[in-house]
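Since the structure comes first, as structure tokens, the remarks are kept for the end.
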Amino acid sequence: MTKKQRVGLSRREIIASAATFMAAGGAAKRVLAVEAPDSRRTRREFPDIASGNPDLPEFHGPRVIGATPGRDFLFQVPHTGATPLVLSASGLPRGLRMTDTGLIRGKIQSPGTYNVRLTATNRAGHAHRVLRIVAGQHKLGLTPPMGWNSWYAYSTGNTAELTRAAADALVKHGLAAKGFMYVNLDDGWQGGRTASGQIMPTEKFGNMQALIAHVHELGLRFGIYSSPGPQTCAHHTGSWGHELLDAQSYARWGVDFLKYDWCSYTKEVPRHPDLQQYIKPYAVMRRALDSVDRDIFFSLCQYGMAHVWTWGAKAPVFGNQWRTSGDIIDTWAAISRNGFDAQRQLYPFAGPGHWNDPCMLMLGYGKYWSGALRPTRLTPHEQLLQVTLWSMLAAPMVLSCDLDKLDKFTIDLVTNTEIIAVDQDELGMQGQCVDRQAGGMEIWARPLWDGTVAVALFNRGAKSQTGHIASWDMLDPVLPRGARTLRGSQQVRDLWKRKTLGSMARISMPVPSHSAVMLKIGNPAH
Ligand code: GAL
């Protein structure tokens with residue numbers, strides 16, 4: 001039996017156990033690894049999207065970021081603008097410093113909330129932003145993480161060299177400057193244990209500390225992957241019985257993010273585990289992570305079993321995100337299931353520090369479980385729809401492709417800062433479907449920190465058609481209590497086209513099949 005077949009088998013076991021909970025009403029859905037591409041649609045039709053003016057000084061990415069006092073802090077302020085560009089920060093907490101390239105490092109001395117005033121100046125003008133730094137215990141992930149993961153790009157063929165190249169490419173292609181900051185290893189880096197039980201990387205990774213130091217020097221953060229079971233899904237060494245030792249290794253190496261994937265843990269629980277048995281492995285790892293002197297974002301991966309969204313953020317787990325469904329793949333059916341269907345009811349569970357994770361962005365060249373690098377099978381419109389939906393969902397924005405093969409369309413798709421700003425919005429309210437219209441049109445909305453509302457028109461149907469918002473009161477159900485309602489004529493901006501459409505009392509807009517329009521409604525209050 002080949003390695004690939006073995007991975008497939010264990011996946012079926014996992015899906016079977018997840019199915020128990022889905023049958024009990026869980027929103028998680030099965031996504032099989034291989035599905036037929038939909039060949040009927042025209043693949044060459046590209047949506048019209050605009051990029052911003054790269055010369056203007058601008059800040060991007062999160063407006064709020066958290067950390068534990070006394071632990072290493074590293075945050076490269078995402079910004080763009082023609083050089084020479086002068087950056088300054090005032091109001092930094094004691095213990096932090098910012099370099100002239102915008103890298104904030106150090107250790108925050110005391111808990112609290114700090115409003116840091118950032119300024120960027122170049123010959124084209126000035127930009128100002130208040131970056132809120134929240135210092136306290138369990139304050140990570142106050143906006144959804146953005147970055148890269150090795151799995152769909154290289155599966156178990158990933159190496160230190162490829163990972164370095166991915167980190168370099170995030171910087172080279174301007175993605176880091178827009179907020180993509182995590183470089184995450186997935187399965188396949190583990191090479192067994194030493195006699196004293198320490199986890200070792202395979203030869204392909206060699207000196208993990210050196211690799212991580214390289215990533216940190218670029219102002220990026222580093223993620224790693226393990227399983228609470230004895231083996232990971234691809235049959236590498238898991239953390240079973242070595243949780244504390246592993247957390248200590250991660251901290252020593254400088255790891256910033258852990259994806260903890262259920263996999264063979266199925267063998268350690270009865271056929272029909274009770275809730276406590278689902279929670280236990282994540283509570284054990286949380287205890288280990290809390291005992292080391294490093295901030296490590298905790299990503300739960302167990303495919304949505306036992307309604308993880310109801311307990312993943314709470315004591316004793318304090319997870320920062322959880323997968324809500326099975327693996328995604330680069331097909332329309334998978335985007336539909338993981339993105340729309342599995343998420344529709346889950347908006348109450350997402351928020352600053354804890355996010356629903358519908359899995360990764362299916363963009364660019366990857367292996368996509370197929371063995372060889374190939375372009376995504378999603379059409380350009382479906383790709384745009386995925387980015388729109390993930391942004392509306394406040395979902396982690398994680399690319400998983402060969403970043404050296406990114407084309408201009410893909411780069412434009414993931415670096416539109418108006419779309420990213422919605423994903424990273426500091427209210428952290430996940431979008432909701434507010435209306436379903438004939439032919440597969442869905443209208444989703446999510447309130448934003450500045451008093452405006454992001455609205456997406458999704459056409460899930462097979463034909464181009466028009467989406468309607470007859471009056472703004474359709475958006476009322478998503479507004480936080482006490483928020484101003486939108487009435488009468490409101491400013492409407494098309495975020496993909498970066499164009500203000502004018503003052504409008506209603507909307508009727510054409511949306512191509514399997515595509516989306518994303519708008520911002522209302523006058524910003526600040
Ligand atoms: C799956 C997981 C994938 C990937 C893979 C690695 O269980 O859902 O995202 O991590 O394991 O083997």
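The values are calculated or read from the model by the stated rules, or taken from the named source; none is laboratory data. Computed from a predicted structure; not experimentally measured. Note: ideal-geometry Cβ built from the backbone for every residue, glycine included; neighbour counts use all protein chains shown. These area figures cover heavy atoms from the full protein model, side chains too; ligands, DNA and RNA do not enter into them. Shrake-Rupley method; radii C 1.70, N 1.55, O 1.52, S 1.80 Å.
Could you tell me whether S239 is buried (at least 24 other Cβ atoms within 10 Å of the Cβ) and in contact with a Cys (Cβ under 6 Å, 6 or more places away or on another chain)?
So S239 does not fit the description; no.
Could you list all residues from segment 242-255 that are among the polar types (S, T, N, Q) and open to solvent by less than 10 Å² (accessible area, probe 1.4 Å)?
Passing the criteria: only S249.
Tell me which residues, restricted to segment 256-279, are buried (at least 18 other Cβ atoms within 10 Å of the Cβ) and within 16 Å of the ligand (Cβ to nearest atom).
The answer is F257, L258, K259, Y260, D261, W262, C263, S264, Y265, T266, Y278.
Restricting attention to segment 186-236, and to residues there that are in contact with a strand residue (DSSP E or B) (Cβ under 7 Å, 6 or more places away or on another chain), small (G, A, S) and open to solvent by 10 Å² or more (accessible area, probe 1.4 Å), which single residue is nearest to A176 (Cα to Cα)?
The extreme case among them is G191.
When you go through V116, V183 one by one, which is the residue that is within 16 Å of the ligand (Cβ to nearest atom) and either in contact with a Leu (Cβ under 7 Å, 6 or more places away or on another chain) or open to solvent by 40 Å² or more (accessible area, probe 1.4 Å) (or both)? Write out each step before concluding.
Values: V116 fails: within 16 Å of the ligand (Cβ to nearest atom).
The unique qualifying residue is V183.
State all residues of segment 228-250 that are outside any loop (DSSP other than H, G, I, E, B) and more than 16 Å from the ligand (Cβ to nearest atom); if no residue qualifies, say none.
Listed by number, the residues that qualify are E243, L244, L245, D246, A247, Q248, S249, Y250.
May I ask you to list the residues in segment 301-319 that are away from the ligand (no atom under 16 Å from the Cβ) and of a type outside the set (A, V, I, L, M)?
H307, W309, T310, W311, K314, P316, F318
Taking the condition of a type in the set (A, V, I, L, M), farther than 20 Å from G61 by Cβ and either touching a strand residue (DSSP E or B) at 6+ places or on another chain (Cβ under 9 Å) or surrounded by 23 or more Cβ atoms within 10 Å (Cβ to Cβ) (or both), does V398 pass?
No; evaluated as a whole, the condition is false for this residue.
Got a sec? Which of L385, L378, L289 is in the same structural domain as N184 (by TED's automatic domain parsing) and either assigned to a strand (DSSP E or B) or out of contact with any strand residue (DSSP E or B) (no Cβ under 7 Å at 6 or more places or on another chain) (or both)? Walk me through how you get there before you give the answer.
Numbers: L385 fails: either assigned to a strand (DSSP E or B) or out of contact with any strand residue (DSSP E or B) (no Cβ under 7 Å at 6 or more places or on another chain) (or both); L289 fails: either assigned to a strand (DSSP E or B) or out of contact with any strand residue (DSSP E or B) (no Cβ under 7 Å at 6 or more places or on another chain) (or both).
From the options L385, L378, L289, the qualifying one is L378.
Considering every residue within segment 377-384, establish whether at least one is surrounded by fewer than 24 Cβ atoms within 10 Å (Cβ to Cβ) and of a type in the set (S, T, Y).
yes
Just need a number here: residues in segment 251-282 that are touching a residue at least 24 places away in the same chain (Cβ under 8 Å) and either of a type in the set (D, E) or part of a strand (DSSP E or B) (or both).
Counting residues in segment 251-282 that are touching a residue at least 24 places away in the same chain (Cβ under 8 Å) and either of a type in the set (D, E) or part of a strand (DSSP E or B) (or both) gives 7.
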